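Quick notes on the structure that follows.
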Amino acid sequence: MNGKDISIIRMHNQRLATSSCAGAQELAGHMGALQAQSYRMVKWALGLRLGGITKEDIEQAIADGKIIRTHLLRPTWHFVAAKDLRWMLKLTAPRIKVAARSRQKQLGLSEELISRSKVVVGDALAKEKYLSRKELVVKLEEAGFENKD
């Protein structure tokens, strides 16, 4: 196999040459995860691989929860298909938790405090389909958590 063959195969597998994916969710599922550190650029990367899709179509897939932007691997943002999120988090969570421990210690976040915050966030998200970071901060502050921005 030569360099040209490798390039063609990579372009095909990355869905840059042609794409048979029907939408953002199917593409995210095919790719496994798309790095989404730059929100604007990842939408462009999705659009590039999905001919005929608009920025609004991608925003709708996000709003509908078909693709999720999360810290799946490392503290870097990624888009993943919603249907793959649970098994991927189960796979990557142990490593992420180890990496987060030193930062949690630095911030003075005890296991008890983290557990209480999970209850507040879980309850808030059970009532609302989606909350922004700012909205979640308000919920945590209402529950007595101090925000040390």
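The convex hull drawn around the Cα atoms of segment 14-57, when projected onto a plane and averaged over every direction, covers 2.9 nm².
In segment 91-149 the Cα-Cα distances spread across 10 Å bins starting at 0 as 20, 46, 33, 2 percent of all pairs.
Counting pairs on different chains as well as pairs 8 or more places apart, how many Lys pairs in segment 1-88 have Cα atoms under 19 Å apart?
Working: 43/55; 43/66; 55/66; 66/83.
Lysine pairs meeting the criterion: 4.
Pair-distance distribution of the chain: all C-alpha pairs, bin width 10 Å, starting at 0; shares per bin in whole percent are 10, 30, 33, 18, 8, 2, 0.
With every protein chain present, what is the per residue accessible area of the chain (1.4 Å probe, Å²)?
Numbers: 10780 Å² over 149 residues.
Per residue, the chain has 72 Å² of solvent-accessible surface.
Can you give me the angle between helix 133-142 and the longest principal axis of the chain, using Cα atoms only, in degrees from 0 to 90, rounded to the nearest 10? Approximately 10 degrees, to the nearest ten.
Label separation (residue 93 vs residue 115): 1.5 nm, computed from points 7 Å beyond Cα along the C-beta direction.
Over the chain, what is the relative contact order in whole percent, taking alpha-carbon pairs under 8 Å and six or more residues apart? Write out the running numbers ahead of the final one.
Numbers: 121 pairs, mean separation 24.9, N = 149.
For the chain, the relative contact order is 17 percent.
Angle of helix 111-127 to the longest C-alpha principal axis of the chain, folded into 0 to 90 degrees and rounded to 10: 60°.
Ligands, DNA and RNA left out, the 1.4 Å accessible surface of the chain is 55% carbon and sulfur atoms.
Taking amide H as placed 1.01 Å from N in the peptide plane, residue 77 has its amide H under 5 Å from the amide H of 36, 37, each at least 5 places away in sequence or on another chain.
Shown is the FRET efficiency for residue 141 and residue 38, computed with R0 = 25 Å from the Cβ-Cβ distance and rounded to the nearest 0.05: 0.30. Rolling a 1.4 Å probe over the protein heavy atoms leaves residue 89 with an accessible area of roughly 60 Å².
The values are calculated or read from the model by the stated rules, or taken from the named source; none is laboratory data. Not measured: the values here are computed from a predicted model. Note that we place each Cβ from the backbone using ideal geometry, even for glycine, and neighbour counts take in every protein chain shown. Calculation scope for accessible area: heavy atoms of the full protein, side chains included, ligands and nucleic acids excluded. Shrake-Rupley method; radii C 1.70, N 1.55, O 1.52, S 1.80 Å.
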